[in-house]
1. Which is crowded, with 23+ Cβ neighbours inside 10 Å, in contact with a strand residue (DSSP E or B) (Cβ under 7 Å, 6 or more places away or on another chain) and under 23 Å from residue 52 (Cβ atoms), of 169, 177?
2. Please specify each residue of the stretch 132-149 satisfying the condition of being within 10 Å of residue 113 (Cβ to Cβ) and either outside any helix (DSSP H, G or I) or in contact with a strand residue (DSSP E or B) (Cβ under 8 Å, 6 or more places away or on another chain) (or both).
3. Working carefully through the options 50, 59, find the one that is modelled with pLDDT under 90, within 27 Å of residue 193 (Cβ to Cβ) and outside any strand (DSSP E or B).
4. Return yes or no: is residue 229 surrounded by 16 or more Cβ atoms within 10 Å (Cβ to Cβ) and within 17 Å of the chain's Cα centre (by Cα)?
5. Would you check which residues across the stretch 219-236 are part of a strand (DSSP E or B) and within 14 Å of residue 257 (Cβ to Cβ) and list them?
6. Looking at 34, 21, 45, 17, which is the one that is surrounded by fewer than 14 Cβ atoms within 10 Å (Cβ to Cβ), assigned to a strand (DSSP E or B) and either out of contact with any strand residue (DSSP E or B) (no Cβ under 8 Å at 6 or more places or on another chain) or at pLDDT 90 or above (or both)?
7. Looking at 176, 198, which one is closer than 24 Å to residue 263 by Cα and at pLDDT 90 or above?
């Protein structure tokens, strides 16, 4: 049976090649967004490389989710442009998948776990005969291999969020957008999903933009951290994260550089609230 490129990479643990200097998967060029006289985003410019993980932090109301919606093609800038692989993003793209915080509303309650993943395969025209193998492999990779026949209501919050991630991966996206996906989960489930997502991103080579209020989560996941300032939302600081990968929930968080970054980010957010 022929399997997709993503399924093959998941089986063999292969990722995309390291990007050459100067490449950008996403280019944000002087983007603004206004609703009437209210400016939400004001003049953001940023390049994001293939395979890079960017975490976005900032006080409430600074435009984090709005920025993510523009990267997903769900909102159009008032001025400026968002480019994906050199082409202006004019609307939703199969190359971009988004994981929402409210996993309960993101899943179809009348479909099983397998049926929810199948939805993405149906949308991209995957032949019916190929779907079972891909679904099985994705559910196994995300830790839901024994739960294919369960409905969302029969699953815990962590399992539902895993399912939403599996469905997004079924799109074979180049870009994975995450809007505080673990905010409603307990600490242990949150950390387990952080590690699972990092592993999946490493395997698939996807570029990830991850919005969070949790400073430690941003440091643990990110290659760079974008600190947005409010009124209107704009880039205040860009912080590089030079922690070795793969990361470890205990060792990484005890690293002196991790602690230094946490203090730096805390001071930045504190200043923005004053």
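1. None of the other options fit; the residue is 177.
2. Correct list: 142, 144, 148, 149.
3. So the residue among 50, 59 that is modelled with pLDDT under 90, within 27 Å of residue 193 (Cβ to Cβ) and outside any strand (DSSP E or B) is 59.
4. Spelling it out, it is not the case that residue 229 is surrounded by 16 or more Cβ atoms within 10 Å (Cβ to Cβ) and within 17 Å of the chain's Cα centre (by Cα).
5. Across the stretch 219-236, the qualifying residue is only 225.
6. 45
7. Values: 176 fails: closer than 24 Å to residue 263 by Cα.
The conditions single out 198.
Listed here are the residues, each with its yes/no results for (1) within 30 Å of residue 38 (Cα to Cα); (2) at pLDDT 95 or above.
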| residue | (1), (2) |
| --- | --- |
| 208 | yes, yes |
| 217 | no, yes |
| 221 | no, yes |
| 226 | yes, yes |
| 240 | no, yes |
| 246 | no, no |
| 253 | no, yes |
| 269 | yes, no |
| 272 | yes, no |
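The values are calculated or read from the model by the stated rules, or taken from the named source; none is laboratory data. Small disclaimer: the values here were computed from a predicted structure and weren't measured. Every residue, glycine among them, receives a Cβ derived from its backbone with ideal geometry; neighbour counts consider all protein chains shown.
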